[in-house]
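J.: For reference, the structure I am asking about is given below.
The values are calculated or read from the model by the stated rules, or taken from the named source; none is laboratory data. These numbers were taken from a predicted model, which means no experiment stands behind them. For neighbour counting, all protein chains shown are included, and Cβ atoms are generated from backbone atoms with ideal geometry for every residue, glycine included.
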Amino acid sequence: MVTFASLVFMLPFFLFSASGGLFADKYKKTLVIKNTKLLEVIVMLVAAVGFAKHDVGILFVALFLMGAQSALFGPSKYSFLPEILQKEELLTGNAIIETSTFMAILLGTVTGTILVVHKEFSLISVLLVSLAFAGWILSYMIKETQQYSSQVKIRCNIFLDTYKVLLKSLSSKKVFLIVIAISWFWFLGVILLTHLPVFTKEVLFASENLVLYFFISIASGIFVGAFLCRLILNNQPDTKYSPILLISIGILCIFLYFSGFIIYQYFFVALSLFVIGSFAGFYIVPLYTRLQLAPEETERAQLIASNNIFNALFMVFANVLAGSIYFLDGNAEMIFLTAGILTILLGIYLYAAFS
């Protein structure tokens with residue numbers, strides 16, 4: 001059921017991300033943001049009906065629509081930053097976006113899990129609708145953007161649109177490598193957030209309550225790393241450290257594999273996750289900033305949409321990889337070990353390519 005739910009949520013990213021990018025380039029991005037946030041309110045109302053009736057079918061429909069809303073919203077969310085910020089402010093802007101996004105994911109995961117365990121479905125509905133409504137209201141407080149291109153063509157064929165938009169990532173090797181590097185961040189995010197609870201229970205033999213502290217370690221690390229890169233890079237989106245940071249993250253993932261043999265293992269895992277988060281925060285912010293500055297202004301959202309499709313593909317790959325390891329009688333330790341080795345190999349390749 002969990003795997004199917006993940007697929008239902010991810011499918012719209014492949015279907016509608018291109019449309020989100022085209023809308024954001026053709027029309028004012030603030031207009032797209034307002035409309036997609038209104039759509040979010042409607043989707044949350046659908047979810048509330050599903051919870052009220054305890055209807056799994058309605059909830060799956062809401063999950064699919066939530067994925068569609070996210071796919072349409074994402075390109076505007078990232079591509080409008082260069083229109084409202086100076087170039088030297090982009091690194092800080094992306095640090096805020098990335099930190100708040102990841103913390104929202106963690107907070108939602110933890111809060112949702114606690115409320116579902118206690119069967120507080122009414123409270124879940126109230127929170128979903130309230131937060132969506134607040135987001136819609138706040139969208140009207142965003143600084144208006146003026147850049148748009150009426151020459152952008154939106155076709156009725158979403159598959160052709162997706163193909164055309166994907167070509168944006170292939171426009172140059174450098175852009176494609178940045179997209180792959182960003183997508184790997186989300187690959188690691190799925191690996192850690194999905195399998196850390198299992199790792200805590202089956203490897204560390206600890207209470208699942210400890211997972212909350214591990215999540216806090218990751219989130220705190222991302223916060224520190226995202227803002228530390230602003231100081232070290234002096235507000236310049238330099239990606240020269242990205243391969244080394246990725247290799248370091250891979251090594252730390254391998255350390256998690258051996259954590260079961262280490263004294264004070266809880267502290268070791270928490271510290272490792274904090275450092276992983278710090279490196280990841282430092283790693284991802286300059287990459288997103290470079291991606292925003294790479295294309296022409298009239299194609300920026302389409303490139304972001306292309307990146308989002310690759311992000312979704314890598315997240316699906318993370319689930320497939322983990323599922324394959326479990327199928328072969330592996331465990332969460334093996335997943336972290338495999339992810340660590342693959343991360344090191346990609347880091348070495350990026351080091352050679354960026355050099």
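J.: Taking region 13-62 as the search range and keeping residues that are among the small types (Gly, Ala, Ser) and more than 21 Å from the chain's Cα centre (by Cα), which one is farthest from Ile137 (Cα to Cα)? Quick ask: steps written out before the conclusion?
T.: Residues of region 13-62 that are among the small types (Gly, Ala, Ser), as a first pass: 17-21, 24, 47-48, 50, 52, 57, 62.
Checking which are more than 21 Å from the chain's Cα centre (by Cα) leaves us with 47-48, 50, 52, 57.
Numbers: Ala47: 20, Ala48: 19, Gly50: 24, Ala52: 25, Gly57: 29 Å.
This residue is Gly57.
J.: Can I ask one more? If I filter region 19-32 for residues that are at negative phi and outside any helix (DSSP H, G or I), do I get at least one hit? So that I can check it myself, show each step before the final result.
T.: Going residue by residue through region 19-32, those that are at negative phi are 19-32.
Now drop any that are not outside any helix (DSSP H, G or I), which leaves 27-28.
Taking every residue of region 19-32 in turn, at least one turns out to be at negative phi and outside any helix (DSSP H, G or I).
J.: Still on this structure, I have one more. Could you check Ile341 against (1) surrounded by fewer than 18 Cβ atoms within 10 Å (Cβ to Cβ); (2) assigned to a helix (DSSP H, G or I); (3) free of Cβ contacts under 8 Å to residues at least 24 places away in the same chain and say which number it fails?
T.: (3)
J.: Do the conditions hold for Leu81, that is, is it under 19 Å from Phe9 (Cα atoms) and surrounded by 14 or more Cβ atoms within 10 Å (Cβ to Cβ)?
T.: Considered against the rule, which asks whether it is under 19 Å from Phe9 (Cα atoms) and surrounded by 14 or more Cβ atoms within 10 Å (Cβ to Cβ), Leu81 comes out as no.
J.: Please go through region 126-169 and pick out each residue that is surrounded by 17 or more Cβ atoms within 10 Å (Cβ to Cβ), assigned to a loop (DSSP other than H, G, I, E, B) and not hydrophobic (A, V, I, L, M, F, W, C).
T.: Thr145, Tyr148
J.: Of the residues Phe267, Phe317, Phe279, only one is part of a helix (DSSP H, G or I) and over 22 Å from the mean Cα position of the chain (by Cα); which?
T.: Going through Phe267, Phe317, Phe279 in turn, the sole match is Phe267.
J.: Of the residues Leu291, Leu204, only one is in contact (Cβ under 8 Å) with a residue 12 or more places away in the chain and over 28 Å from Ser17 (Cβ atoms); which?
T.: Leu204
J.: Shifting gears a bit: Return the residue satisfying two criteria in turn: it lies in region 205-218 and is aliphatic (A, V, I, L, M) and crowded, with 19+ Cβ neighbours inside 10 Å, and of such residues it is modelled with the lowest pLDDT.
T.: This residue is Val211.
J.: Still on this structure: Could you list, in sequence order, the residues of region 115-125 that are part of a helix (DSSP H, G or I) and either surrounded by 14 or more Cβ atoms within 10 Å (Cβ to Cβ) or at pLDDT 90 or above (or both)?
T.: Passing the criteria: Leu115, Phe121, Ser122, Leu123, Ile124, Ser125.
J.: Can we say Leu177 is aliphatic (A, V, I, L, M), surrounded by fewer than 18 Cβ atoms within 10 Å (Cβ to Cβ) and over 15 Å from the mean Cα position of the chain (by Cα)?
T.: Taking the combined requirement at face value, the residue does not satisfy it.
J.: Still on this structure, I have one more. Quick check, is Asn307 crowded, with 20+ Cβ neighbours inside 10 Å and not acidic (Asp, Glu)?
T.: Working: crowded, with 20+ Cβ neighbours inside 10 Å: yes; not acidic (Asp, Glu): yes.
Spelling it out, Asn307 is indeed crowded, with 20+ Cβ neighbours inside 10 Å and not acidic (Asp, Glu).
J.: Any chance you could count how many residues in region 98-113 are hydrophobic (A, V, I, L, M, F, W, C), surrounded by fewer than 20 Cβ atoms within 10 Å (Cβ to Cβ) and touching a helix residue (DSSP H, G or I) at 6+ places or on another chain (Cβ under 7 Å)? Step through it out loud before you land on a result.
T.: Taking region 98-113 as the starting set, the residues that turn out to be hydrophobic (A, V, I, L, M, F, W, C) are 102-107, 110.
Adding the requirement that they be surrounded by fewer than 20 Cβ atoms within 10 Å (Cβ to Cβ) leaves 103-107, 110.
Retained after the next criterion (residues that are touching a helix residue (DSSP H, G or I) at 6+ places or on another chain (Cβ under 7 Å)): 103, 106, 110.
Total meeting the criteria: 3.
J.: Continuing with the same structure: Out of (1) touching a Pro at 6+ places or on another chain (Cβ under 9 Å); (2) free of Cβ contacts under 8 Å to residues at least 40 places away in the same chain; (3) not aromatic (Phe, Trp, Tyr), the odd one out for Ala24 is which?
T.: Failing condition for Ala24: (2).
J.: Sticking with this structure for a sec: Looking at Val198, Val224, which is the one that is β-branched (Val, Ile, Thr) and at pLDDT below 90?
T.: The conditions single out Val198.
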